[in-house]
Amino acid sequence: MAYKKMAYIYDQLMKDAPYEQWVQFLLQALKKEEGPFQHLVDLGCGTGSISIPLSRMGYSVTGIDLSEDMLAVAKEKADEVRIDLSLFQQDMRKWTLPRQADVVFSFCDSFNYLLKEEDIQSVFRQTNLGLVTGGLFLFDMHTPYKIKEEFAGRTFTWVEDDVTYIWNCHGMQHLMVEHELIFFVKEKENLYRRWEEVHFQRAYPMESVIGWLEEAGFGFLSCTADFSDQPPTGKTERIFYKAKKIRDIR
C-alpha cells in the first residue's frame with residue numbers, strides 16, 4: 001500500500017532517522033568497488049531524504065516510488081534546494097527507465113513492503129534489467145527477528161504539539177506484521193483531525209534473499225548487520241545486502 005496522507009508528515013515523524021548513515025553506507029560501497037558510478041536509482045525513494053543529498057554531491061539520481069504523495073513532497077524539497085531530481089511514479093516490481101543505471105539502491109526497509117516471494121523476485125529481475133553489467137545493487141531489509149520480537153504485539157506512541165500517533169503492530173502468519181497507524185494532526189487552534197493508515201510488512205530469511213539474488217543474475221558480495229561491518233546474528237534487526245550484476249537474464 002502506498003503512503004497517502006502520511007507522506008505530508010513523514011519527514012516530521014522520521015526526523016531522527018539515520019539518513020546520513022544510509023548515505024555513508026552507499027558511499028563506502030562505491031569507494032570499495034571499481035567504478036565509475038554516476039547514475040544512481042533510488043527504489044522507494046520516499047520524500048527524497050537520501051536522493052537529494054546524493055544529488056548535491058554530484059551524482060545523477062533518479063527516484064522511483066509508488067506513492068504520488070511522497071513524490072510530491074520529494075519534488076518540493078528538491079526544488080527548495082535547486083536540485084534537478086528525476087522522479088517517477090512506478091511500481092518497483094515493474095520499474096524501468098530509458099537507460100541502465102550504474103547503481104540501484106533501496107533503503108529504509110522498502111522491500112519489506114513486498115508481501116510475496118514472487119514480488120521480491122520480480123524486483124530483483126527488473127533491477128538486473130535496469131543495471132549495467134558490473135553495476136551495484138544495495139538494499140536493506142528488516143529481519144524475521146525484528147518482525148517477531150520488536151514489532152508484533154507491540155504498541156508505540158509519539159506525541160508533539162501538532163502531531164500525535166498511536167502505532168499498533170499486529171503479528172500475522174508468514175513473518176508478516178500489520179502496522180495500524182492512528183494520527184491526530186493539528187489543523188488549527190484546539191482542532192485536531194483524526195485519520196488512519198494501515199501498512200503491511202513481511203520479512204524474509206537471509207538465505208532466501210541471497211538465493212533470489214543469485215537466480216536474478218547477481219553475484220553476492222556481502223551481508224552486514226545494523227549499519228555495522230559485522231555479519232548478521234540471530235538478533236540482527238536490519239540486514240544490509242551488497243550485490244553486483246554479473247550476467248544478463250532473459
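The values are calculated or read from the model by the stated rules, or taken from the named source; none is laboratory data. Note that the coordinates shown come from a computational prediction; the quantities given were computed from them, not determined experimentally. No Cβ is skipped: glycine too gets one built from the backbone with ideal geometry, and neighbour counts run over all protein chains shown. We work out accessible area using only protein heavy atoms, side chains counted, and drop any ligands, DNA or RNA first. Shrake-Rupley method; radii C 1.70, N 1.55, O 1.52, S 1.80 Å.
Odds and ends about this structure:
- Each of VAL209, MET176, PHE156 was scored by the projection of its Cα onto the charge dipole of the chain, and the greatest displacement toward the positive side belongs to VAL209; charges sit on the C-beta of Lys, Arg, Asp and Glu.
- For region 70-103, the list of trypsin sites (Lys or Arg not before Pro) that fall in a loop by DSSP and count at most 16 other C-beta atoms within 10 angstrom reads ARG82, ARG99.
- Cα pair count fraction exceeding 15 Å, expressed as % - region 111-166: 67
- Dimensionless Rg/Rh of region 18-89 - Kirkwood Rh, Rg from C-alpha atoms: 0.97
- Once you divide the Cα radius of gyration of region 42-82 by 2.2 N^0.38 Å, the number left is 1.03.
- Of all DSSP beta bridges confined to the chain, the antiparallel ones make up roughly 70%.
- Region 53-202 - charge dipole about Cα centre, Lys and Arg +1 at Cβ, Asp and Glu -1, debye rounded to 20: 420
- Scattering curve values for region 98-241, log₁₀ I(q)/I(0), Debye with Cα scatterers, q = 0.08, 0.09, 0.12, 0.15 Å⁻¹: -0.29, -0.36, -0.60, -0.83
- Based on C-alpha pairs under 8 angstrom that are at least 6 apart in sequence, region 76-195 has a relative contact order of 18 percent.
- Rounded to the nearest 10 degrees, the angle from helix 206-215 to the longest Cα principal axis of the chain is 50 degrees.
- Solvent-accessible surface of region 1-107, averaged per residue with a 1.4 angstrom probe and all protein chains in place: 53 square angstrom.
- Positive-end extreme of charge dipole, region 1-123 - chosen from ILE52, PHE111, GLN90 (charges on Cβ): ILE52
- Nearest 10 degrees, 0 to 90: helix 68-80 Cα axis against the chain principal axis: 80
- 0 to 90° range, to nearest 10: angle between helix 19-32 axis and the chain longest Cα axis: 0
- Overall form of region 59-136: oblate. Here a/c, set by the Cα gyration tensor axes a ≥ b ≥ c, is 1.5 or more, and a/b is not larger than b/c.
- Dipole magnitude for the chain: about 520 debye, using +1 per Lys or Arg Cβ and -1 per Asp or Glu Cβ, origin at the Cα centre.
- The chain, helix-only ellipticity at 222 nm - DSSP H runs n ≥ 4, -39,500 (n - 2.57), divided by all residues, nearest 500: -7000 deg cm²/dmol
- The chain - Rg and Dmax from Cα coordinates, angstrom: 18.1, 60
- Pairs of alpha carbons in region 181-250 whose separation is greater than 14 Å (percent): 71
- Of the accessible area of region 124-250, computed with a 1.4 Å probe over protein heavy atoms only, carbon and sulfur atoms account for 49 percent.
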